[in-house]
Amino acid sequence: MPFVPHTPADTRHMLDVIGVKTLDDLFADITPDLRPRSFNLPEGQSEMDVCAHMEALSARNAPHMVHFLGAGFYNHYVPKAVDALSSRSEFYTAYTPYQPESSQGTLQAIFEYQTAVCRLFDMECANASVYDGGSAIFEAMMMAVRHTQRRVLVVDESVNPIWRTMLDTYTGNVDVEIRTIAHVQGRPDMAALKAAIDSSCAAVLVQNPNFFGAIEDYTELFAHARAQKTLGVISVYPVMQAVLKTPGEMGADVAVADGQALGMPLSFGGPYLGIMTCRKEFIRQFPGRIVGRTTDMDGKTGYVLTLQAREQHIRRAKATSNICSNQALCALRSLVYMSLLGPQGLTSVAEQSMIMARQAMAGLTALPGVALLHDAPYGNEVALTLPCKAAALVDKVSAKGLIPGYPVGKYYAGLDNVLLVACTEQTRPEHVTELVTLVGGAL
Amino acid sequence: MKTVFAQSVEGRTACVPAKPAKSAAQMLPASLLRRTKLGLPELSELDVVRHFTLLSKKNFAVDSNFYPLGSCTMKYNPKFTEYIAALPGFSALHPLMGELPKASEHAQGALECIWEMERLLCEITGMDAYTMQPMAGANGEFTGVMLIAAYHKDKGNVKTKILCPDSAHGTNPASAVLAGYEVVNIPSKDGMVDPEALEAALTDDVAALMMTCPNTLGLFETHLTTIVEKLRRVDALLYYDGANMNAIMGKLRVGDVGFDVVHWNLHKTLATPHGGGGPGSGPVGVCSRLTPFLPVGRVVKKAEGCFELDYNYPKSIGYIAPFYGNFGVMLKAYAYVLRLGGAGLTRASEYAVLNANYLKKLLENVLTIPYGRICAHEFVASAPEGMRALDIAKALLDRGYHAPTIYFPLIVKECLMAEPTETESKEMMDAFAAAIADIVEQGRASPQSLLDAPVTTPVRRLDETAAARAMILTD
């Protein structure tokens, strides 16, 4: 049987050394009344047969169908060197770096990742990752609650609704109140957000670009929040961050993101990457693993997990978070991606994605009854209003072999005719032509 | 070794796409643009490849070193599962295709994998339903406790406390607190949950007991049936921390013996790689009383080969993950289960337990073994009198072995917790035991030599106090 190396002779010898007769004797504590009532699993198969089975299942998916889906998760091109380097078994079969002397590869990589995301978001500190963009938002909110000792969270409704649903779930049994501030025609209501911030508020949460693609300047909002000692928290899109005003420039206290777009395959939902950065003043309340630089007993530079007194294995019930395993290998992937693209490459990816989005918008808004939901500047993704139900149109067009975007009505009352359309640098002019033709035909 | 930033040369490029026809400045107002220089590395592709190749060589990993970390199950990660997770039909699939009605016709293979995996996990553990959403073990623990809370709330029970044994992994109490509970510690007796201590703590406001079996000391909880009875009397639920599932597959189904909710660590028991600290996957299984509260969307089978996502569960706790969990990790575990089958999983547990007992026997005159009974897939030991677990751990690194877990569980003095796993050979354990004996002897003859270890690793002992003080967290 696979992966167990023992020969019958090995087994016999080992049982003798232990002093029992059979393997069953080692399970004497599991008395007959505790044994399984059934264990009807399929018989094991050869590697060849399992691969054939999984290949057949894989073939029943059509990932290369042209689509304009985004909503936080984007089909950017990942250079093959990212796969090659993160597939090195010294990285992926290693454990959490609890023995730093034999984990300098992992530790230095995390330190470099922390550096890279801090520079991208223009913030002072980062952790080694959390699970995804949604849990990053939750952890940021809880950080704010602990730091300010306040319980109200002001949340802009145009923050990704998938992550807001997660936030509702995660805070279900925690004593916090979420004040959701309604969007106005797909844009944040800055006046209402400001008005909602008072001395009971731990944090205000916004997203840039927001779920509908609107790009804003949150500098004034964050200054207003700071005056009330409320934390300014922003969720960003890492690729667009190459060209957009940074969280640091806006005066954000915490900046988070889902790093999927930085080299993670879409992989039907995960694994992704929860990026968290913050100002140094919040470090004691910052969750997750953090790597620091130090020296060894010979004065050589080295890296270690640091500030561990925040974490569950030390503080247990009083920890800043319960997180243990995070997304270390995904953080490595994003570091390799960012290293391969560099500032020029990431900027070009953002710009090319934006150019294709403008081509798509030009074609779509020329169709009768189709208009942009809002007039704010946008990046690679934007929301459109249609003269019909968006979900029905998506189904109609999908039947012709192209997915024109995501109908947002599931998450936003009154927006059943709104379609969210995303492009990346992989979007080709002929895809856009087909999109416009098929949507036009379905209206 | 220099960081990627230190090696950066202005103007050097690697994977830069063709220059776009327009710049961001031509498409967006200046007030919305970035002004701060983007300080990402400027390197050639060869620079990047060399850097990460050299970095990787500084790591111990299962593929090169014996890694007997207790409670981590560092078993061999089968290579064919990497191939499967990378199949484009899975890896390039956008998650939203699963929920859009027409588009989901092109995601049927993926939906089927999730549905099948849930059935298999149900059968392995004797539970009624699963969610694949939790993205790691701790996330699973949090999910499980939230499900418990939802159950009690739905029934109108007023429950404020969760009980945890003092040997519990730190994520147990941390997760319980996040789910809104106060944690009460139950002291262990003879290394197990003490039924009398449990009884004393079992007030009407106790929502659940979180435990694992075998526990973190590697001991089977022989009072399990009594524990279940006591909990039922106050309608308290029983949570199974699946970190030690590798000891019981085919031998015990947690659902059969009274556990109400269980989480797996796929990156432990079902051989998906640890990745240097994730990504993991922590699916949660429940008894039928808890199924209404599971996170949505749930994969349902409409007909043979026809699957869809259903979000219509009014009592659901909501979303634990943005979509269906760490699907790419789950695929590897699914393929592993298909490869092993029922008999293979059973054999994995049998040999995990055999290996641990054999290694324990080899070490019984070298280390202090507090619990002499037959252990499960792992065992605890104390460093000999006058020696520290830390120094033994560092000396092991010089001999090419990753150390066992040290200083956990907290209730054993100078603790070393070893879990060899079933994928290691008798020869490896013989060599490891000999190495420990050698270290202990060396430590007696020359204590300083242990304090000096490790000497062969890329760096020697690091100043963790200075790290915390200096707080250099970026380059």
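Every number in this text was worked out from the coordinates using simple rules, so none of it is lab data. Computed from a predicted model, the values in this text were never measured in an experiment. As a convention, Cβ positions derive from the backbone with ideal geometry for all residues, glycine included, and neighbour counts pool all protein chains shown.
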What are the semi-axes of the equivalent ellipsoid of region A:260-336, taken as the square roots of 5 times the eigenvalues of the Cα gyration tensor, listed largest first and rounded to whole Å? 25, 19, 12
How long is the gain from B:D463 to B:T160 if the chain were fully straight, where each residue apart is worth 0.36 nm and the alpha carbon distance is subtracted? 104.9 nm
Scalar couplings 3J(HN,Hα) for region B:184-197 by Karplus 6.51 cos²θ - 1.76 cosθ + 1.60 (θ = phi - 60°), nearest whole Hz, x for Gly and Pro, are 10, 8, 9, x, 8, 10, 6, x, 10, 4, 8, x, 5, 5
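With both bridge residues required to lie in the protein assembly as shown, what share of the DSSP beta bridges run antiparallel, to the nearest 5%?
60 percent
How compact is region A:338-380 by the rule of thumb for globular proteins, expressed as Cα Rg over 2.2 N^0.38 Å?
It is 1.50.
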Using alpha-carbon coordinates alone, the radius of gyration and Dmax of region B:58-151 in Å work out to 17.3, 49
Residue order, fewest to most beta carbons within 10 Å, for B:L38, B:L217: B:L38, B:L217
So what is the 222 nm mean residue ellipticity for chain A from helices alone, if each DSSP H run of at least 4 adds -39500 (n - 2.57) and you divide by all residues, rounding to the nearest 500 deg cm²/dmol? -11500 deg cm²/dmol
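Could you compute the net charge surrounding A:L231? Neighbours are other residues with a C-beta less than 12 Å from the C-beta of A:L231; K and R count +1, D and E count -1.
After counting each charged neighbour, the total is +3.
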The protein assembly as shown: translational diffusion in µm²/s, Stokes-Einstein, Kirkwood Rh over Cα pairs, 10 °C, 1.306 mPa s: 57 µm²/s
Can you work out the FRET efficiency for the pair A:K229 and B:M471, with r the C-beta to C-beta distance and R0 = 22 Å, to the nearest 0.05? 0.40
Label-point separation (nm) for A:K410 and B:V228, each offset 7 Å from Cα along Cα-to-Cβ? 3.8 nm
Other-chain or far-sequence residues with amide H under 5 Å of B:N59's (modelled H): A:G105
Among region A:207-239, those whose backbone N falls under 16 Å of a label point 7 Å along Cα→Cβ from A:R179 are A:221-233
Roughly how many whole Å is it from the C-alpha centroid of region B:55-72 to that of region A:72-130? 17 Å
Grab the Cα-Cα distance for A:R428 and A:A195, subtract it from 0.36 nm times how many residues apart they are, and report the gain in nm with one decimal. 79.5 nm
Dividing the Cα radius of gyration by the Kirkwood radius, what Rg/Rh value follows for region B:1-127? 1.11
Calculated FRET value between A:A392 and A:T219, using beta carbons and R₀ = 51 Å, to 0.05: 0.80
One finds the C-alpha centres of region A:339-413 and region A:38-60 to be spaced, in Å, by 39 Å
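Please go through the residue pairs B:K57/B:K251; B:K159/B:K413; B:K360/B:K394; B:K58/B:K332 and name each one whose alpha carbons sit more than 28 Å apart in this structure.
Too far apart for the 28 Å limit: B:K57/B:K251; B:K159/B:K413.
Using only alpha carbon positions, build the gyration tensor of region A:111-209, then give the equivalent ellipsoid semi-axes as the square roots of 5 times its eigenvalues, largest first, whole angstrom.
23, 17, 14
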The alpha-carbon pair-distance distribution computed for region A:1-94, with 5 angstrom bins and whole-percent values, is 2, 8, 8, 9, 13, 15, 11, 10, 8, 6, 6, 3, 1
Distant-in-sequence amide H partners of A:L372 (H built 1.01 Å from N, under 5 Å): A:T385
Where only alpha carbons of chain B are counted, the Rg and the Dmax (Å): 25.0, 75
Rounded to whole Hz and in sequence order, give me ³J(HN,Hα) for region B:407-421 from the Karplus expression 6.51 cos²θ - 1.76 cosθ + 1.60, θ = phi - 60°, writing x for Gly and Pro. 6, 9, x, 5, 7, 10, 6, 6, 6, 10, 10, 10, 9, x, 6
Counting only DSSP beta bridges with both partners in region B:115-208, the antiparallel fraction in percent, to the nearest 5, comes to 20 percent
Where in region B:223-255 does the amide nitrogen come within less than 20 Å of the point 7 Å from the Cα of B:D205, taken along Cα to Cβ? B:231-238
Kirkwood-Stokes translational diffusion coefficient of region B:1-53, alpha-carbon pairs, 37 °C, 0.692 mPa s, µm²/s: 247 µm²/s
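For chain A, list the DSSP H helices whose alpha carbon atoms reach 24 Å or more along the long axis and whose average Kyte-Doolittle value is -0.5 or above?
Details: long enough: A:104-121 (25 Å, 0.36); A:328-365 (42 Å, 0.76).
The answer, listed by residue number, is A:104-121, A:328-365.
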Quick check: convex hull of the Cα atoms in region B:333-469, volume per residue, rounded to a whole Å³? 154 Å³
Nonlocal Lys pairs with alpha-carbon distance under 27 Å, region A:178-326 (8 or more apart, or different chains): 9
